[in-house]
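The values are calculated or read from the model by the stated rules, or taken from the named source; none is laboratory data. Values in this document were obtained by computation on a predicted structure and should not be read as measured data. With ideal geometry, Cβ positions are generated from the backbone for all residues, glycine too; neighbour counts draw on all protein chains shown. Just so you know, the surface numbers come from the protein's heavy atoms only, side chains and all, with ligands and any DNA or RNA stripped out. Shrake-Rupley method; radii C 1.70, N 1.55, O 1.52, S 1.80 Å.
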Amino acid sequence: IDKKEGSIYIIHSYAADKNRLQADGLNPIKGTKYILDAIDMLNNEGYRIHLINPTNINQKDMRFLQLQADFCVEELFYGWWGSTPLECAALGVPSILYIDPKFEEYWYTNFPEFKGYIPFLNTTHNNIYSNIKLLCDNPDILDDLSRKSLIFAEKFLDPLKNAQSLLSILK
């Protein structure tokens, strides 16, 4: 990415997901319409926000794009994270997404040791504009979420612990 000084780069991938696109080319699960509208509104107010929408990028090269983003905006309707926010967390790139309280409660039932460690900024289509603006205006919040993302990824994505857990299930 040819990054421009004073600009914010947001990664939000939706174009390659042909199975979930509407006729307008937008992803309803991810809330792409609301994300694009929020970015347009903020750019009209003088912000310089650029969307990174990876298309036809293999997974290995995706990391390079994720690492260059200031933050990731993911799903606003489904209620949980997919692989992109986890990958971004492992790179220290904060994510905005919607976390359904019922899913969160169920997750903590299975992973009680992670209570309070979810580093994602919980966002809906109703407050996507204000939360993108919050991160654009507050580098300290962005840095804090980045730090928390790395801590979460180190704990949750621990390959040795996860391999041992899988082996115990298979036995």
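Residue count for the stretch 76-89 under the criterion of being outside any helix (DSSP H, G or I) and either over 24 Å from His125 (Cβ atoms) or open to solvent by 30 Å² or more (accessible area, probe 1.4 Å) (or both): the result is 3.
Do we have any residue at all in the stretch 114-131 that's loosely packed, with under 13 Cβ neighbours inside 10 Å and under 20 Å from Met41 (Cβ atoms)? Scanning the stretch 114-131, I find at least one residue that is loosely packed, with under 13 Cβ neighbours inside 10 Å and under 20 Å from Met41 (Cβ atoms), so the answer is yes. Within the stretch 102-120, does at least one residue satisfy the condition of being in contact with a helix residue (DSSP H, G or I) (Cβ under 9 Å, 6 or more places away or on another chain), at pLDDT 95 or above and within 19 Å of Ile29 (Cβ to Cβ)? There is at least one residue in the stretch 102-120 that is in contact with a helix residue (DSSP H, G or I) (Cβ under 9 Å, 6 or more places away or on another chain), at pLDDT 95 or above and within 19 Å of Ile29 (Cβ to Cβ). Got at least one residue in the stretch 163-170 being of a type in the set (S, T, N, Q), part of a helix (DSSP H, G or I), under 18 Å from Gly79 (Cα atoms) and open to solvent by less than 80 Å² (accessible area, probe 1.4 Å)? Within the stretch 163-170, not a single residue is of a type in the set (S, T, N, Q), part of a helix (DSSP H, G or I), under 18 Å from Gly79 (Cα atoms) and open to solvent by less than 80 Å² (accessible area, probe 1.4 Å). Within the stretch 130-140, being of a type outside the set (S, T, N, Q), closer than 24 Å to Phe103 by Cβ and in contact with a Leu (Cβ under 7 Å, 6 or more places away or on another chain) holds for Ile132, Leu135. Taking every residue in the stretch 87-114 that is more than 14 Å from Lys148 (Cα to Cα) and pairing it with any residue that is loosely packed, with under 12 Cβ neighbours inside 10 Å, at least 6 positions away or on another chain, the pairs with Cβ-Cβ distances below 8 Å are Tyr108/Lys115.
When Ser130, Ser146 are checked against the criterion of being among the hydroxyl-bearing types (Ser, Thr, Tyr), part of a helix (DSSP H, G or I) and closer than 17 Å to Gln66 by Cα, a single residue qualifies: Ser146. The residues in the stretch 52-75 that are closer than 20 Å to Ile141 by Cα and open to solvent by less than 70 Å² (accessible area, probe 1.4 Å) can be counted, and the count is 8.
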